[in-house]
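Peer 1: My questions will all concern the structure given below.
The values are calculated or read from the model by the stated rules, or taken from the named source; none is laboratory data. A quick note: this is a predicted structure, and the numbers were derived from the prediction, not measured. For the accessible areas, the whole protein counts, side chains as well, though only heavy atoms, and no ligand, DNA or RNA atoms are used. Shrake-Rupley method; radii C 1.70, N 1.55, O 1.52, S 1.80 Å.
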Amino acid sequence: QVQLVESGGGLVQAGGSLKLSCVFSGRTFSNYGMGWFRQAPGKERDLVAAINWSGGDTYYADSVKGRFTISRDNAKNTVYMQMNSLKPEDTAIYYCAATEYTIVTLMAGSYNYWGQGTQVTVSS
């Protein structure tokens, strides 16, 4: 069974940076596309960024384009998201997810496995 464990969340001031990590276990990591989603209180869970099996193709939501970078290290079974120039509206629980599609995948319903989430809070 696939397990995903996120880390790296926390409290940061606006303009600051955080780097989220998600460690994958239970299957062959390079057989999965990966994504980062976020959910703010009272809102739906939205895709923030996605990456294909090799790391050669990525997608970003318009709201984070130019500020966030998704990457993966298949040797370490880990996907990352570097978050720079953070804004209060980035405050949310961030979830790592894995899909059996090896390509960049945008729909939450296409992801098969989810982490427990890590809280990111950006103060103004």
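Peer 1: List the relative contact order of the chain as a percent without decimals, with contacts defined as Cα pairs under 8 Å and 6+ residues apart.
Peer 2: Details: 327 pairs, mean separation 44.6, N = 124.
For the chain, the relative contact order is 36 percent.
Peer 1: Let me ask something additional. Karplus couplings for segment 8-19 from phi (6.51 cos²θ - 1.76 cosθ + 1.60, θ = phi - 60°), rounded to Hz, Gly and Pro as x?
Peer 2: Those phi angles translate into x, x, x, 9, 9, 7, 4, x, x, 10, 9, 10 Hz.
Peer 1: Ordered by residue, what ³J(HN,Hα) values in Hz, to whole numbers, does segment 102-117 give under the Karplus form 6.51 cos²θ - 1.76 cosθ + 1.60, where θ = phi - 60° and Gly and Pro are x?
Peer 2: Values, residue by residue: 7, 8, 4, 10, 9, 8, 4, x, 8, 8, 9, 9, 9, x, 7, x Hz.
Peer 1: Just the number, please: carbon plus sulfur as a percent of the accessible area of the chain, 1.4 Å probe, no ligands or DNA/RNA counted. Spell out each step's value before the answer.
Peer 2: Numbers: 2920 of 6180 Å².
Result for the chain: 47 percent of the exposed heavy-atom area is carbon or sulfur.
Peer 1: Residues of the chain: accessible area per residue at 1.4 Å, in Å²? Spell out each step's value before the answer.
Peer 2: Values: 6180 Å² over 124 residues.
Averaged over the residues of the chain, the accessible area is 50 Å².
Peer 1: Could you tell me the center-to-center distance, by alpha carbons, between segment 59-121 and segment 1-22 in angstrom?
Peer 2: Each part's Cα centre sits 9 Å from the other's.
Peer 1: Tabulate in residue order the Karplus-calculated ³J(HN,Hα) for segment 43-52, using 6.51 cos²θ - 1.76 cosθ + 1.60 with θ = phi - 60°, rounded to whole Hz; enter x for Gly and Pro.
Peer 2: Once rounded to whole Hz, the list reads 10, 6, 7, 10, 6, 9, 7, 9, 9, 7.
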